[in-house]
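Notes follow the structure.
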Amino acid sequence: MPRVGSYISPVDEKTIARRLKEIRTRRGKTQAELATILGVDQTLVSAYERGAVRLHGAIVAAFAKALRTSADEILGLKDQKDGIFGDRRFIRRLEKIEKLPKRAKQALLKTIDTYLVGAERR
């Protein structure tokens, strides 16, 4: 019979749960939105984020796909990506801009560029 070792995990479940919540909020998703994508109840997403329920491999993979990140990032094996906006309102605006027709998007970006040049001069 194999002997049970005393392996110490590099991260505890509460840390994984906290990272999962951070990634979700950076992506601008609510628990309800994420639950809908995953096909589970919102209360289960909440339980995962609190560390009340242990994540298994398949759900980690599902979270990673739904949040457009890697399982390594969720598990803390890889540093979190920089450059992702934390402001959910900003992310939602970017999503709306992405859906605009090409001409409208170009006009808006030109306006933003002009504003930014003026702001840099101040």
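Summary of values
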quantity: Of all residues in segment 61-72 being within 12 Å of the chain's Cα centre (by Cα) and of a type outside the set (A, V, I, L, M, F, W, C), the one that is surrounded by the most Cβ atoms within 10 Å (Cβ to Cβ); calculated: Thr69
quantity: Residue in segment 87-122 that is surrounded by the most Cβ atoms within 10 Å (Cβ to Cβ), counting only those that are more than 24 Å from Glu22 (Cα to Cα) and acidic (Asp, Glu); calculated: Asp113
quantity: Qualifying residue in segment 51-60 (condition: at pLDDT 95 or above, loosely packed, with under 15 Cβ neighbours inside 10 Å and farther than 14 Å from Glu13 by Cα); calculated: no
quantity: Members of segment 73-83 that are surrounded by 16 or more Cβ atoms within 10 Å (Cβ to Cβ) and either at pLDDT below 75 or part of a helix (DSSP H, G or I) (or both); calculated: Glu73, Ile74, Leu75
quantity: Residue list for segment 91-111, restricted to those being part of a helix (DSSP H, G or I) and farther than 22 Å from Arg27 by Cβ; calculated: Lys102, Arg103, Ala104, Gln106, Ala107, Leu108, Leu109, Lys110, Thr111
quantity: Positions within segment 36-47 being under 13 Å from Leu20 (Cβ atoms) and either among the aliphatic types (A, V, I, L, M) or under 14 Å from the mean Cα position of the chain (by Cα) (or both), in sequence order; calculated: Leu38, Leu44, Val45, Ala47
quantity: Count - residues of segment 112-122 that are farther than 17 Å from Arg93 by Cβ and part of a helix (DSSP H, G or I); calculated: 6
quantity: When residues of segment 17-38 are limited to those that are touching a residue at least 60 places away in the same chain (Cβ under 8 Å) and in a helix (DSSP H, G or I), the one nearest to Leu55 (Cα to Cα); calculated: Arg19
quantity: When residues of segment 22-37 are limited to those that are crowded, with 17+ Cβ neighbours inside 10 Å and not polar (S, T, N, Q), the one farthest from Lys78 (Cα to Cα); calculated: Ala35
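The values are calculated or read from the model by the stated rules, or taken from the named source; none is laboratory data. Keep in mind the model is a prediction, meaning the values are calculated, not measured. As a convention, Cβ positions derive from the backbone with ideal geometry for all residues, glycine included, and neighbour counts pool all protein chains shown.
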